[in-house]
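Single-structure report; data block below.
The values are calculated or read from the model by the stated rules, or taken from the named source; none is laboratory data. Just so it is clear, the structure is predicted and the values come from calculations on it, not from any experiment. Glycine also receives a Cβ, built like all others from the backbone with ideal geometry; neighbour counts cover every protein chain displayed.
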Amino acid sequence: MTELRTSETKLEFPYSRTTGPVIGAFLAGLREGKVLGIKGADGRTLVPPPEYDPETGGYLGVELVEVGPLGTVQAWAWVHDPLPKHPLDHPFAFALIRPDGADSAMLHAVDAGDPAAMRTGLRVRPRFKTEPTGLITDLEAWEAAE
Amino acid sequence: MSTDSPARKEEMVMEHLVSLTYRERLTPNLNRFVDRILEGELIGHRCPSCSRVYVPPKGYCPLCVVTTSAEDEVKVSDRGILTGFTIITPVAYYGQQATDPFVYASVLLDGASTPVGGQDITGVAHGRIHTGMRVRAVWRPPAERRVEGITNRGWGGLDAVIESFEVTGEPDASPEDYKEHLF
Amino acid sequence: MTERCAVIGIGQTHFKKRRDDVSMPGLLREAIDRALEDAELSIGDIDAVVIGKAPDAFEGVVMPEIFLADAVGATGKPLLRVHTAGSVGGSTFIVGAHHVITGIHDRVLAVSWEKQSEGNAQWGLAGGRSGGIGAGGAFAPWIRAYIEESGAPEYIGWMVAVKDRRNAAKNTYAHLKMPDITLETVKESPMLWDPLRFHESCPSSDGACAVVLTNQAGARRSSKPAAWIDALSVRSELGQFPGRNPVRPQAGVECAHDVYRQAGITDPRREIDMAELYVPFSWYEPMWLEGHDIAGPGEGWKMVDSGETDIGGAFPVNPSGGVLSTNAIGASGMVRFAEAAMQIRGTAGEHQIDGVRTSLAQAYGGAAQYFAMGIFRSS
Amino acid sequence: MPARDIAIIGYAQTPSQRDAIQSEVQLLVGTITDAVTMAGIERREIGFTCAGSCDYLTGGPFAFVSNLEAAGSWPPISESHVEADGAFALYEAWMRLQEGDIDIALAFGSGKSSPSNPAEVWAQQLDPYYLAPLGADPVSLAAIQARALLDAGRATERDFAEVVARSRAQAASNPNAQLSGAVDVDALLAAPYHTAPLRRHDLPPISDGAAAVIMARGDKARELCSRPAWIRGMDHRIDPHQPGVRDITTARSATTAAKKAGYDGGPLDVAEVCATFSPQEIILREALGLPEGTQINPSGGPLAGNPVMAVGLVRVIEAAARIIGGSADRALAHATAGPLLQQNLVCLMEGE
């Protein structure tokens, strides 16, 4: 049977996203080393802050509240072989982290070094980039605070 | 929070590069087409049901919805009729390499039922190009033929094998011969 | 057992080259909140949501409705995403209406959008490659063929451009408003895709459009007039095949005949009071007038020439300013349906046509191969 | 209430393959033809067609347009497309049939996952502000979900392995399965982690494939099929997107969809569920309320073959096939979309 040629195509574009008052303020907060949340319709503090209540769809306004800085791991997975698009280039944990004062968890990376150092309930603190780029990854990773 | 101060607006823009790579084998019908164009020959598949000839071969006839195979392969000419064209002034966008106005024409090769699209037309001033003109392929030298741009998604790539279609100077074809190929 | 379906709420964003003041969720909600306010309903009253947009590559988010679910108030509800290229806004409206007509749901929100400034529509239309033919490249040869066949003078395209941009100046939400545009302005604008000039081509916009659809019981509860749906149809055909007539695609002919039949219309030019047609390039106005058998062969451009399609004419087309003035691709088809419904409800504002009792909405997409059409009536 | 006398009378699917030699359209040409043949109809009898696919999976904007070439689109057809799994196309077609003016509808779904890296493609489905820039991939998310299930004491890693072993064993009788055969649970548990607590076998294979379904109304269905699979109800629901605002150890919208589809928790012969990762079968069994004794994923399910954009419609086919074939009287099919079972569709079917 004939060997078939392989074709390769790339779908690539540098998108430029306008973030609006809530997402933009959250990202701006990261630059200043702050994690911000928003009060949901039922009074719960949601992090990262949505513009509309995830349950009711109600508008939540633009007033953000600072949470953390410490947080607690709610659930996690160990990434043995990070992909090029992952936030860290060495093995790490993707985790749901509930910052102190928040009622929801945010997905992010925990730079724990070794899976043996990870557990649900682990107390973690955010580590911010020294040169922010305006992305969620300005919060570079969380690390153990114990 | 105010959303209208200039400082805030700048912060509100987020740059996000999305880059995905797709690698796949050419389908057997297209692979065979590539084999032949490297040798300076154009082929298609003749539908066993309606006899229409598709160039390049799709592996099926979309009108009869029947599959076609190597048994249905036919050779077509590298000469044909210009059935439609426009002249494009390229719009600048990320990844766009074209800068100068270029011709974008469809050529119905003799023996084919479907035109090959996106072809350059040479040997005539842009202003004199018209449908019905007889044209022939100007093949690149064998060593310079590149086929990497040909994909299963069917977005051309033929220009890296055939430089352009030049006007032959033969009399124009009658509209009757190409009026069904206005695409 | 089927229900009659009516439009009781309509909302649009202000359309702009770049809506830098909102996120994608914020953009959709601007249209949704206006539609809900118009319908005198809150987001919790909605039973199901249908979302339409053109290719995901325009914004670079795969199936963005998945992340937008909460923002469009779909939590706990059905959410369906439609994508039929340029006709998608019309198709989305139609899919939303089917939810009501079948009696499956009582109040349905249909929303269509595009935030083209996040990326680049020309890049997207080129399939993400270099050497793209641009939005008008595919259509220019067919437009040329129409001009040759019909013998239309070249100023017809300019006339449509002038009419639509002046109409848009009366439309609060439109993107390009050019109250002072003249034939000279169009004629002297650069040639983009011969024979199409810059001012004969649509802009690239950010924006969204939403409608609230309901049944007879729902419409009775509304204090405002409803626009009743009398006919809906979709048709698709192959974009390329030997024997295809791309100037007058058969799918468009059959789609039109289907809606006329459903609405009991035998003479569309007389029986329809106004139309919102998908005209991204000026020449598509006469081409669709003929392609949908509103005008006979070669008669479409004469309707333009005589002023019949002006706001004050006998058959006004695109009093909103149309796609030529506003084109957030995913939303554009739904805007046609929304505007045709607004004309029935008498809520079109400055571009309202007097006494509209029957209106036609049309959207097309792909290589003029996807069609979505609807007819609205006042009772 | 909407008319409920709509049944599945024909279907076809490609084998689930790691790297299909055909293009997506070619896969569909044969599949749709086979479904039409099984239904015993002419293409022109189809009153409405709905397609499901994903441009970003296929690899280009407007990629779905080519799939029209497989649908017999000349002369023109009444047709629509959802950017979703073919199961959602089935929903739209089922809804359209209820208007009563047409008798037969076609739904299909197709996708090739082999050309791209699914971990990269599906990371772009997440919230573009808060999640996509993290490159959060479906496997990592599913592993977090698995951990939450373990932490809650609702499952063990052995339970995950047992789902895999049963899936592979049941797939042995499925000619379309990509992964099948007897595997030992202890051997599975001895394998290294891929993304802990998930092992490679807890993940679905990467698959190419297509599927098509023909539905007919009332007497037309009876005339064309001796034992149609009657759709008693179909519904789909969605949950909030961010995994941190919902309980990821359950699928609330699956529970709602099952109820709204008319499933009352009564006996089922078969359930075909779109559990793409092994822990999700445990979650779905509870969320859908599947009673003891229900045969779950007799085809092997997505763990045996995962042609994304067709895999949900394949679940419907596998459930319907058992009713049409007479081995089941009542069956439930489930499809899902979005990360961590965010969106769920349920189709409840019965024999005469």
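Brief remarks on what is shown
- B:GLY80, sole failed condition from (1) touching a Pro at 6+ places or on another chain (Cβ under 8 Å); (2) in a loop (DSSP other than H, G, I, E, B): (2)
- Residue in region C:142-159 that is within 10 Å of another protein chain (Cβ to nearest Cβ) and within 30 Å of A:LYS10 (Cβ to Cβ) present: no
- Pick from region D:20-54, criterion surrounded by fewer than 19 Cβ atoms within 10 Å (Cβ to Cβ) and among the acidic types (Asp, Glu), ranking: farthest from the other protein chains (Cβ to nearest Cβ): D:GLU45
- Taken residue by residue, region B:85-97 has no member that is touching a residue at least 60 places away in the same chain (Cβ under 8 Å) and either assigned to a strand (DSSP E or B) or surrounded by fewer than 23 Cβ atoms within 10 Å (Cβ to Cβ) (or both).
- Filtering D:SER173, D:SER140 for residues that are out of contact with any Pro (no Cβ under 6 Å at 6 or more places or on another chain), under 30 Å from A:THR19 (Cα atoms) and among the small types (Gly, Ala, Ser) leaves a single hit, D:SER140.
- Region D:335-352, subset among the small types (Gly, Ala, Ser) and within 24 Å of D:PRO279 (Cβ to Cβ), residue surrounded by the most Cβ atoms within 10 Å (Cβ to Cβ): D:ALA335
- Across region C:16-31, the qualifying residues are those that are more than 9 Å from chain A (Cβ to nearest Cβ) and within 18 Å of C:ALA110 (Cβ to Cβ), and the one among them that is surrounded by the fewest Cβ atoms within 10 Å (Cβ to Cβ) is C:GLU30.
- Hits in region B:64-75 (condition: buried (at least 21 other Cβ atoms within 10 Å of the Cβ) and either in a strand (DSSP E or B) or of a type in the set (A, V, I, L, M) (or both)): B:VAL65
- Filter pass, B:GLU15 being touching a residue at least 40 places away in the same chain (Cβ under 8 Å), within 11 Å of chain D (Cβ to nearest Cβ) and either in a strand (DSSP E or B) or at positive phi (or both): no
- Note on region B:137-147: among residues that are more than 14 Å from chain A (Cβ to nearest Cβ) and over 15 Å from the mean Cα position of the chain (by Cα), the one that is surrounded by the most Cβ atoms within 10 Å (Cβ to Cβ) is B:ARG140.
- For region C:98-115, the set of residues classified as within 14 Å of chain B (Cβ to nearest Cβ) and surrounded by fewer than 24 Cβ atoms within 10 Å (Cβ to Cβ) is empty.
- If the condition is being touching a strand residue (DSSP E or B) at 6+ places or on another chain (Cβ under 8 Å), over 14 Å from A:VAL35 (Cβ atoms) and of a type in the set (A, V, I, L, M, F, W, C), then region A:116-145 contributes A:ALA117, A:MET118, A:LEU122, A:LEU135, A:ALA144.
- Answer residue from region C:247-278, given it is within 13 Å of chain D (Cβ to nearest Cβ) and more than 20 Å from the chain's Cα centre (by Cα) and is nearest to C:ALA97 (Cα to Cα) among those: C:GLN262
- Criterion (in a helix (DSSP H, G or I) and without any contact (Cβ under 8 Å) to a residue 60 or more places away in the chain) met by exactly one of D:SER167, D:SER140: D:SER140
- Entry remark, region D:174-193: residues being crowded, with 20+ Cβ neighbours inside 10 Å and either closer than 26 Å to A:MET118 by Cβ or among the basic types (Lys, Arg) (or both) number 1 in total.
- Scanning region B:76-90 for residues that are at the interface with another protein chain (Cβ under 7 Å from one of its Cβ atoms) and in contact with a Leu (Cβ under 8 Å, 6 or more places away or on another chain) yields B:GLY84, B:THR89.
- Verdict on B:ILE150 being in contact (Cβ under 8 Å) with a residue 40 or more places away in the chain, farther than 30 Å from D:GLY111 by Cβ and buried (at least 18 other Cβ atoms within 10 Å of the Cβ): no
- Scoring D:THR256 on the criteria (1) away from chain A (no Cβ under 14 Å); (2) within 27 Å of D:GLU292 (Cα to Cα) leaves a single failure, condition (1).
- Failed condition for D:ASP137, given (1) within 14 Å of another protein chain (Cβ to nearest Cβ); (2) more than 26 Å from D:GLU350 (Cβ to Cβ); (3) out of contact with any Phe, Trp or Tyr (no Cβ under 8 Å at 6 or more places or on another chain): (3)
- Qualifying position, being over 20 Å from C:ALA35 (Cβ atoms), among the small types (Gly, Ala, Ser) and in contact (Cβ under 8 Å) with a residue 60 or more places away in the chain, among C:GLY322, C:GLY307: C:GLY322
- Looking only at region C:52-97, and only at residues there that are part of a strand (DSSP E or B) and more than 8 Å from every other protein chain (Cβ to nearest Cβ), the one that is surrounded by the fewest Cβ atoms within 10 Å (Cβ to Cβ): C:GLY86
- Any chance C:THR2 is more than 9 Å from chain A (Cβ to nearest Cβ), more than 19 Å from A:TYR59 (Cα to Cα) and of a type in the set (Ser, Thr, Tyr): yes
- Any helices (runs of 4 or more DSSP H) falling wholly within region D:184-265 and containing at least 2 residues that are charged (D, E, K, R) and over 17 Å from the mean Cα position of the chain (by Cα): D:218-224, D:252-260
- Considering region B:18-49, and only residues there that are of a type in the set (A, V, I, L, M, F, W, C) and away from chain D (no Cβ under 14 Å), the residue that is surrounded by the fewest Cβ atoms within 10 Å (Cβ to Cβ) turns out to be B:LEU38.
- Strands (runs of 3 or more DSSP E) wholly inside region A:1-118 containing at least 2 residues that are more than 14 Å from chain C (Cβ to nearest Cβ) and surrounded by fewer than 18 Cβ atoms within 10 Å (Cβ to Cβ): A:64-67
- In region C:294-341, residue surrounded by the fewest Cβ atoms within 10 Å (Cβ to Cβ) [restricted to those that are under 17 Å from C:SER204 (Cα atoms) and out of contact with any Asp or Glu (no Cβ under 9 Å at 6 or more places or on another chain)]: C:THR326
- Across region D:300-345, the number of residues qualifying as among the β-branched types (Val, Ile, Thr) and not in a helix (DSSP H, G or I) comes to 2.
- Qualifying position, being at pLDDT 95 or above, closer than 28 Å to B:GLY59 by Cβ, touching a His at 6+ places or on another chain (Cβ under 9 Å) and more than 7 Å from every other protein chain (Cβ to nearest Cβ), among D:ALA89, D:ALA71, D:ALA105, D:ALA93: D:ALA89
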